[in-house]
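The values are calculated or read from the model by the stated rules, or taken from the named source; none is laboratory data. Bear in mind the structure is a predicted one, so any value in this text is a computation, not a measurement. Reconstructed Cβ throughout: ideal geometry from the backbone, glycine too, with neighbour counts over all protein chains shown. For the accessible areas, the whole protein counts, side chains as well, though only heavy atoms, and no ligand, DNA or RNA atoms are used. Shrake-Rupley method; radii C 1.70, N 1.55, O 1.52, S 1.80 Å.
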Amino acid sequence: RAKDQGRNNFQLYAAEMNSLSFERLALGNMLRKALDQEELLVHYQPQVDLDSGEIFGMEALVRWQHPELGLISPLQFISLAEETGLIGALGEWVLRTACAQNKAWQLAGMPPLRVAVNLSARQFKHTPLIDTVAHVLEDTGLDPQYLELELTESIVAENVEATITTLRDLKAMGVQLSIDDFGTGYSSLSYLKRFPLDMLKIDQSFVHHINTDADDAAIVTAVITLAHSLKLKVIAEGVQTEEQLTFLRAQRCDKVQGNLFSKPLTAEEFGKLLHKKKEERWDGLLTKGVSY
Ligand code: C2E
Ligand code: MG
Ligand code: MG
Ligand code: MG
């Protein structure tokens, strides 16, 4: 799996620590300091609309720039943040940073884009999420339609009725809602009809082998059909090859995200990319080898 890549020394270190709560606590303190000392940063990965060939948005992905250990993946510290209760502060920081950055690009004259921010299930449950989102939007001046919140299926495991109420409140504020890593969770399909969603994100574990694994191809095709029947948009994550893109286009997938287009970029790099793509779209990539 892609998520298993990008390991560094820290990974081993972190794996050993799963069993050592004392040392995990120490790591938690390191993370707390990182938040205070501004060692965290947000990268942005473009999301491309397959009809227009244009960047329509980006996913905000948090990174930890540790002075000695280097760049640490969120896979290695999000769960720690959840366990130590830091996820509330960390999540709010990411949300605020992403919304402020998005607004700054709009003020700089870029075509308005939608920024997608990941929410962890625990964040969803414990923090006064509605207030936080409302305050961040107010403080940054970002129009709610340019914020998308990515939820995972695990939020459903908690309390369905409370979840629906929260989602409806968020929707009433005008933000977009999507389900991340769709198909990897254990939840029932019935919530798809009860939750006020806008988009499903097909997990990259299904996308990576669509051209060689008939089961993955069938699952992806079924998810696209399901999404469209429910009037939801669908985005495929982890698109790495032109063959994958061709398959997804043929199945009428709406949007794509992945290293074929761009890896996650620093805010500065993303700004430059936007500038370049204002003129030139992903046309070459999108017209090549596509057969309907
Ligand atoms: P995710 O939300 O499913 O994000 C997509 C992940 O796939 C990112 O990993 C991205 O870098 C990676 N990716 C995108 N395209 C490709 C590709 O073509 N090939 C491969 N191999 N990988 C690709 P990343 O940045 O390491 O983040 C991992 C996970 O950490 C995220 O998965 C998300 O669940 C979590 N995460 C990241 N930032 C945050 C955050 O601010 N808050 C919370 N709660 N979770 C976050
Ligand atoms: Mg995500
Ligand atoms: Mg995902
Ligand atoms: Mg995920």
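Of all residues being outside any loop (DSSP other than H, G, I, E, B), in contact (Cβ under 8 Å) with a residue 24 or more places away in the chain and more than 23 Å from Glu237 (Cα to Cα) in region 168-182, which is farthest from ligand 1 (Cβ to nearest atom)? Just the residue, please.
Of region 168-182, the ones outside any loop (DSSP other than H, G, I, E, B) are 168-173, 176-182.
Right, trim to in contact (Cβ under 8 Å) with a residue 24 or more places away in the chain and you get 168-171, 173, 176-182.
Adding the requirement that they be more than 23 Å from Glu237 (Cα to Cα) leaves 168-171, 173.
On the way: Arg168: 22, Asp169: 20, Leu170: 16, Lys171: 20, Met173: 20 Å.
Only one residue fits best here, namely Arg168.
Identify all residues within region 247-278 that are modelled with pLDDT of 95 or more, basic (Lys, Arg) and not in a loop (DSSP other than H, G, I, E, B); write none if there are none.
Arg249, Lys255
Quick one: Leu129 ticks every box in (1) more than 16 Å from ligand 4 (Cβ to nearest atom); (2) open to solvent by 50 Å² or more (accessible area, probe 1.4 Å); (3) more than 14 Å from Val42 (Cβ to Cβ) except a single one, so which number is it?
Every condition holds for Leu129 apart from (2).
Filter region 158-168 for residues that are exposed (fewer than 15 other Cβ atoms within 10 Å of the Cβ) and over 21 Å from Ala227 (Cα atoms); which is modelled with the lowest pLDDT? Break it down into steps so the answer makes sense when it comes.
Taking region 158-168 as the starting set, the residues that turn out to be exposed (fewer than 15 other Cβ atoms within 10 Å of the Cβ) are 158-159, 161-162, 165, 168.
Now restrict to residues that are over 21 Å from Ala227 (Cα atoms): 158-159, 161-162, 165.
Numbers: Glu158: 69, Asn159: 79, Glu161: 87, Ala162: 86, Thr165: 90.
Only one residue tops the list, namely Glu158.
Of the numbered conditions (1) open to solvent by less than 20 Å² (accessible area, probe 1.4 Å); (2) within 15 Å of ligand 1 (Cβ to nearest atom); (3) hydrophobic (A, V, I, L, M, F, W, C), Ala227 satisfies every one except a single condition; which is it?
(2)
Based on this model, can you work out whether Lys201 counts as in contact with a strand residue (DSSP E or B) (Cβ under 9 Å, 6 or more places away or on another chain), under 26 Å from Pro46 (Cβ atoms) and either within 12 Å of ligand 1 (Cβ to nearest atom) or modelled with pLDDT under 90 (or both)? Before the answer, list the steps.
Numbers: in contact with a strand residue (DSSP E or B) (Cβ under 9 Å, 6 or more places away or on another chain): yes; under 26 Å from Pro46 (Cβ atoms): yes; either within 12 Å of ligand 1 (Cβ to nearest atom) or modelled with pLDDT under 90 (or both): yes.
Yes; evaluated as a whole, the condition is true for this residue.
Among the residues of region 102-112, are any crowded, with 17+ Cβ neighbours inside 10 Å, among the polar types (S, T, N, Q) and modelled with pLDDT of 95 or more?
Within region 102-112 (the criterion being crowded, with 17+ Cβ neighbours inside 10 Å, among the polar types (S, T, N, Q) and modelled with pLDDT of 95 or more), the answer is yes, since at least one residue qualifies.
Which of the residues spanning region 68-101 are in contact with a helix residue (DSSP H, G or I) (Cβ under 8 Å, 6 or more places away or on another chain), of a type in the set (A, V, I, L, M), open to solvent by 40 Å² or more (accessible area, probe 1.4 Å) and more than 21 Å from Thr140 (Cα to Cα)?
Answer for region 68-101, where residues must be in contact with a helix residue (DSSP H, G or I) (Cβ under 8 Å, 6 or more places away or on another chain), of a type in the set (A, V, I, L, M), open to solvent by 40 Å² or more (accessible area, probe 1.4 Å) and more than 21 Å from Thr140 (Cα to Cα): Leu69, Leu75, Ile78.
For region 43-122, which strands (runs of 3 or more DSSP E) that fit wholly inside it have 3 or more residues that are closer than 30 Å to Thr246 by Cβ?
Numbers: elements: 55-66, 70-72, 114-118.
Correct list: 55-66, 114-118.
Table: residues versus (1) open to solvent by 20 Å² or more (accessible area, probe 1.4 Å); (2) under 20 Å from Gln257 (Cα atoms); (3) within 16 Å of ligand 4 (Cβ to nearest atom); (4) among the aliphatic types (A, V, I, L, M).
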{"site": "Phe182", "(1), (2), (3), (4)": "no, yes, yes, no"}
{"site": "Ser188", "(1), (2), (3), (4)": "yes, no, no, no"}
{"site": "Leu192", "(1), (2), (3), (4)": "no, no, no, yes"}
{"site": "Phe195", "(1), (2), (3), (4)": "no, no, no, no"}
{"site": "Ser205", "(1), (2), (3), (4)": "yes, yes, yes, no"}
{"site": "His209", "(1), (2), (3), (4)": "yes, yes, no, no"}
{"site": "Ala214", "(1), (2), (3), (4)": "yes, no, no, yes"}
{"site": "Ile219", "(1), (2), (3), (4)": "yes, yes, no, yes"}
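Restricting to region 230-246, count the residues that are part of a loop (DSSP other than H, G, I, E, B), out of contact with any helix residue (DSSP H, G or I) (no Cβ under 9 Å at 6 or more places or on another chain) and open to solvent by less than 70 Å² (accessible area, probe 1.4 Å).
At the first step, the residues of region 230-246 found to be part of a loop (DSSP other than H, G, I, E, B) are 230-232, 237-241.
Those left that are additionally out of contact with any helix residue (DSSP H, G or I) (no Cβ under 9 Å at 6 or more places or on another chain): 231, 241.
Checking which are open to solvent by less than 70 Å² (accessible area, probe 1.4 Å) leaves us with 241.
Result for region 230-246: 1.
Run down Ala121, Ala134 and say which single residue is under 27 Å from Val239 (Cβ atoms) and in contact (Cβ under 8 Å) with a residue 12 or more places away in the chain. Reasoning before the result, please.
Working: Ala134 fails: under 27 Å from Val239 (Cβ atoms).
Answer to the selection: Ala121.
Restricting to region 195-217, and then to whatever is in contact with a Leu (Cβ under 9 Å, 6 or more places away or on another chain) and not in a strand (DSSP E or B), can you tell me which residue is nearest to ligand 3 (Cβ to nearest atom)?
Only one residue tops the list, namely Val207.
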